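Down below is the structure, laid out as structure tokens.
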Amino acid sequence: MDVDAASFADRVLGWYRRYGRHDLPWQRQDAYRVWLAEIMLQQTQVSTVIPYYQNFIERFPGIGQLAEASIDEVLRHWQGLGYYARARNLHKAAQVIRDRHDGRFPESFAAVEALPGVGQSTAGAILSFAFGQRWPILDGNVKRVLARCFCVQGWYGRSDTMKQLWYLAESVTPELNAPDFNQAMMDIGSMLCVKSRPKCEACPLKSICASYRHHCQADYPQRKPVRAKPHKHTLMLLHRCGDQVLLWRRPPSGIWGGLWSLPEVDSARAIELWQQSFLQLTQAPQTFQQDVIRHQFTHYSLDISLAIIELENLPQKISDTDNYAWVDIANLSQHGLPTPVRKLFDSLT
Ligand code: SF4
């Protein structure tokens, strides 16, 4: 595939000078802030990220403070942003930087890419924005621009498609001004080459964009062959005793890893058994079932039923005290809760 790299970069950089974003809170900041922003921006839009970023920086102004914080506190500041593995990896990576790099953010590609949660594109973006190095990037926005400009065949899950996209990203990234070029490509992807109805008339690439020329922008990037999203179901148990509710800390991996949630069972028949094992109750208390709420994940949807269980007295004992806790309803905000669980509580108060 022929690429006139100089012409491509000139158009992109010329557009960026006039229309690109130059005042995002993490631009022209140190590597820690650039890194944090890049992790938050994975799968999340700029406007959503800004308040989380500012709040996070206020509480964890440097790598040291982040490395020393508890994971619970980090997750609490991430609450609502989703994809919680990002927060756990950020915390782990801060500890790696503290322990292996004397607390200084590394400047080599290999060291940055080795940090938990940092892939090839994120490593390139951090090194480019924080240290002015020339690395290509390939986040969702850049992939879409390149896939449309060059009518790239196949979907992102295919290794030959990704190889082609990396080749193109590498080819069009200029030797000079790589940071501006990378920011410009992300801006073009999020402001002009948007998922549906791209604003081609305003795009600096329209004269060299193959999908624009052939009127087939909607066909690119090519989609993954469709398969129906599976449904899963869970039953959450809300044990309430006066102002206290019982929370369960989820295992560190899997959905909502490490967040506080509600205990779960497969079906109503299993509630009593669960109460005998974990609360050592001998008599089943009164239980009310609530409506089902549906939560959409990328790969499946989850139907959550809620059973509300009123207890007259707090159980004397509880198994696994590390991962279960009675919490005052007024203090729920001090615990990192998954969004649907927070909504469940909001709907009850
Ligand atoms: S011309 Fe249109 S389809 Fe092509 S890169 Fe620009 S906005 Fe995207």
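The values are calculated or read from the model by the stated rules, or taken from the named source; none is laboratory data. All figures in this text were calculated on a predicted structure; none of them were measured in a lab. Virtual Cβ from ideal backbone geometry, glycine too; neighbours counted across all protein chains shown.
Tallying residues that are out of contact with any Lys or Arg (no Cβ under 8 Å at 6 or more places or on another chain) and crowded, with 16+ Cβ neighbours inside 10 Å within the range 191-207 yields 2. One residue is enough: does the range 209-224 have a residue meeting the conditions outside any loop (DSSP other than H, G, I, E, B), over 19 Å from GLU312 (Cα atoms), within 11 Å of the ligand (Cβ to nearest atom) and hydrophobic (A, V, I, L, M, F, W, C)? Yes, that holds for at least one residue. Number of residues in the range 191-206 that are more than 6 Å from the ligand (Cβ to nearest atom), touching a helix residue (DSSP H, G or I) at 6+ places or on another chain (Cβ under 8 Å) and either under 14 Å from SER7 (Cβ atoms) or not in a loop (DSSP other than H, G, I, E, B) (or both) equals 3.
Listed conditions (1) farther than 11 Å from TYR32 by Cα; (2) modelled with pLDDT of 95 or more; (3) surrounded by fewer than 19 Cβ atoms within 10 Å (Cβ to Cβ) are all met by TRP78, apart from (3). Taking the criterion of being of a type in the set (Val, Ile, Thr) and free of Cβ contacts under 8 Å to residues at least 40 places away in the same chain, the residues of the range 316-349 that qualify are THR321, THR349. Exactly one residue out of LEU81, LEU13 is within 19 Å of the chain's Cα centre (by Cα) and not β-branched (Val, Ile, Thr): that is LEU81. Helices (runs of 4 or more DSSP H) fully within the range 106-163 that include at least 2 residues being in contact with a Pro (Cβ under 9 Å, 6 or more places away or on another chain): 120-131, 140-149.
Meeting the requirement of 1 or more residues that are over 27 Å from the mean Cα position of the chain (by Cα) and touching a residue at least 24 places away in the same chain (Cβ under 8 Å), the strands (runs of 3 or more DSSP E) wholly within the range 237-305 are 244-249.
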